[in-house]
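Everything on this sheet refers to the single structure shown next.
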Amino acid sequence: MSERFDLVIAGGHVVTPGGIVVTDVGVRDGRIAALGSLGQAEAAERIDARGLHVLPGVIDTQVHFREPGLEHKEDLESGTRAAALGGVTTIFEMPNTKPPTTTPEALRDKFERARGRAWTDHAFFVGAAAENVDRVAELERLPGAAGIKVFMGSSTGSLLVEEEDLLIEVARRTRRRFAVHAEDEERLRARMEIVRGGAPVDQHPVWRDVEAAVLATRRIVGLCRRHGGRVQVLHVSTAEEMEILRDYKDVATVEVTPQHLTLSAPECYRRFGTHAQMNPPIRETRHRDGLWQALGQGIVDVIGSDHAPHSAEEKQAAYPASPSGIPGVQTLLPIMLNHVAEGRLSLERLVDLSAAGPARVYNIACKGRIAVGFDGDLALVDMKARREISGDWLASKAGWSPFEGTQVTGWPVATVLRGRVVARDGAVVGTPAGEPVRFLECLGETAQS
């Protein structure tokens, strides 16, 4: 009697840990159950993937979905719908909501809000703050928590953690890797006069300059080495930071974003205005080149979108009153596939940065690779498709993207979450069935190799 699967994806170019092979993938009970020739196997659903590449679903470990408190910008349903349409199957959401996610109660509230509304699997960061720093070891181990997030700059209220003693306590008390936005708040305050009262938006990287990023990154990796912490430095934007981070791989992992790898100043500010404004800023070409060099040298561990939507009306405010942040979860994979098409990195390296790398950095259970026993999270892409990123495809409530109108080669055509097709041909399918992410530390298991 032949095996029976819930889903068979047949004849695709499957990106496995051992390389790209033309084979079939069989999924049963949410997990990958077989790789190989499954032509005779029974399947409740079969997808002909000939001519397509089958990738592990993207794990985007830095998104801001704005719920609760800022749902006019985004919410958990619209954000995860955008993610699924872009080939993303797992997201980690940030704590700077209203109220901020700093307590077990706030974390539980987010999971309640996500139940039955999230199109992807999900985890939520808990924000470090003066009032909870003595509890971070407890908070980071709550079910579904992605870990602790530290804002060293570019935040408000209790989520801004710049004091040395608080940073040391986070490094000392955490056992999981914590994530950090590394900009030096003291320098940002001192340089605010450059733009206070109004300035051209191309002054954004002049105000939030290279030194602001370098000071914070050097500080946090030094604290981690002295006090035993492990840190993921988010959205690194400067060549100088990469020079530091290469010498701290024992304590630090590194994220870059598609926008910092793709755009450059001052051209992006002339072209997009405040729609290119984000923190840390898009910088000159030499920094973009430095990020690519670091990626090629293996210093970079993760690609994250830093999806941070604002309404078009909010973005129309005169700089610097305009808010920083751009939507990006849906465009992460198309933009990076285009870089593959243009020869800047291999498809296997992209898979490591967007799936295996995030799973490795955060010790995610059973995700990030196409292998038997792992979750059936898959992104089917057409590597030859040439498409335009259009406004009618974008699902974020923001309704805009600096990449709108960009021609790309490589396109997600279907997204599978634990063996269930959730997006196909530009539309979501069925009903939201995302679940909380599981982590190896919290299961008492050893780290993935």
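Answer yes or no as to whether Val236 is more than 24 Å from Asn132 (Cβ to Cβ), out of contact with any Lys or Arg (no Cβ under 7 Å at 6 or more places or on another chain) and crowded, with 22+ Cβ neighbours inside 10 Å.
yes
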Somewhere in segment 158-179, is a residue in a strand (DSSP E or B), at pLDDT 95 or above and closer than 24 Å to Asp250 by Cα?
yes
Applying the selection to segment 115-135, what residues are farther than 30 Å from Arg418 by Cβ and under 22 Å from the mean Cα position of the chain (by Cα)?
Ala128
Contacts under 9 angstrom Cβ, first residue in segment 395-423 being crowded, with 24+ Cβ neighbours inside 10 Å, partner among the hydroxyl-bearing types (Ser, Thr, Tyr) and assigned to a strand (DSSP E or B), 6 or more apart
Thr415/Thr89; Val416/Thr89; Leu417/Thr89; Leu417/Thr90; Arg418/Thr89; Val422/Thr89; Val422/Thr415; Ala423/Thr415
Among the numbered criteria (1) closer than 24 Å to Ile168 by Cα; (2) in contact (Cβ under 8 Å) with a residue 60 or more places away in the chain; (3) part of a helix (DSSP H, G or I), which one does Pro205 miss?
(1)
So, Gly144, is that one touching a Pro at 6+ places or on another chain (Cβ under 9 Å), more than 29 Å from Pro205 (Cα to Cα) and assigned by TED's automatic domain parsing to the domain that holds His310 or not?
yes
Only residues that are free of Cβ contacts under 8 Å to residues at least 12 places away in the same chain and not in a helix (DSSP H, G or I): list them for segment 343-392, please.
Gly343, Ser346, Asp392
Any residue at all in segment 287-295 that's out of contact with any helix residue (DSSP H, G or I) (no Cβ under 8 Å at 6 or more places or on another chain) and modelled with pLDDT of 95 or more?
no
Working carefully through the options Ala294, Ala265, find the one that is of a type outside the set (Asp, Glu), assigned by TED's automatic domain parsing to the domain that holds Gly222, surrounded by fewer than 22 Cβ atoms within 10 Å (Cβ to Cβ) and within 20 Å of Gly405 (Cβ to Cβ).
Ala265
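Hey, among Gly328, Gly376, which residue is under 18 Å from the mean Cα position of the chain (by Cα) and crowded, with 24+ Cβ neighbours inside 10 Å?
None of the others qualify; the one that does is Gly328.
One line per residue, one yes/no per condition, for (1) at pLDDT below 95; (2) closer than 19 Å to Glu112 by Cβ:
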residue: Gln40; (1), (2): yes, no
residue: Ala49; (1), (2): no, no
residue: Ile59; (1), (2): no, no
residue: Asp75; (1), (2): no, yes
Going through segment 65-81 in order, the residues found to be in a loop (DSSP other than H, G, I, E, B), buried (at least 24 other Cβ atoms within 10 Å of the Cβ) and not charged (D, E, K, R) are Phe65
Is at least one residue of segment 141-148 of a type outside the set (S, T, N, Q), farther than 25 Å from Ala213 by Cβ, part of a helix (DSSP H, G or I) and at pLDDT 95 or above?
no
Being surrounded by fewer than 21 Cβ atoms within 10 Å (Cβ to Cβ), touching a residue at least 12 places away in the same chain (Cβ under 8 Å) and part of a loop (DSSP other than H, G, I, E, B) is the filter here; which residues of segment 111-128 pass it?
Gly116, Arg117
Matching residues in segment 245-261 - criterion: being more than 20 Å from Thr174 (Cα to Cα) and either within 16 Å of the chain's Cα centre (by Cα) or not assigned by TED's automatic domain parsing to the domain that holds Leu337 (or both):
Val256, Thr257, Pro258, Gln259, His260, Leu261
Segment 1-56, residues that are closer than 26 Å to Leu353 by Cα and among the hydroxyl-bearing types (Ser, Thr, Tyr)
Thr16, Thr23
Can you find even one residue in segment 82-89 that is at pLDDT 95 or above and in a loop (DSSP other than H, G, I, E, B)?
yes
Please specify each residue of segment 185-198 satisfying the condition of being out of contact with any Gly (no Cβ under 6 Å at 6 or more places or on another chain) and either at negative phi or not in a loop (DSSP other than H, G, I, E, B) (or both).
Glu186, Arg187, Arg189, Ala190, Arg191, Met192, Glu193, Ile194, Val195, Arg196
How about segment 317-342: which of its residues are assigned to a loop (DSSP other than H, G, I, E, B) and more than 20 Å from Thr120 (Cα to Cα)?
Ala317, Ala318, Tyr319, Pro320, Ala321, Ser322, Pro323, Ser324, Gly325, Glu342
What about Val361, is it of a type in the set (A, V, I, L, M) and either closer than 24 Å to Leu7 by Cα or in contact with a Leu (Cβ under 9 Å, 6 or more places away or on another chain) (or both)?
no
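The values are calculated or read from the model by the stated rules, or taken from the named source; none is laboratory data. It should be emphasised that the depicted structure is a prediction, and the values quoted were computed from it without experimental measurement. When we count neighbours, we look across all protein chains shown, and the Cβ atoms used for this are built from the backbone with ideal geometry, even at glycine.
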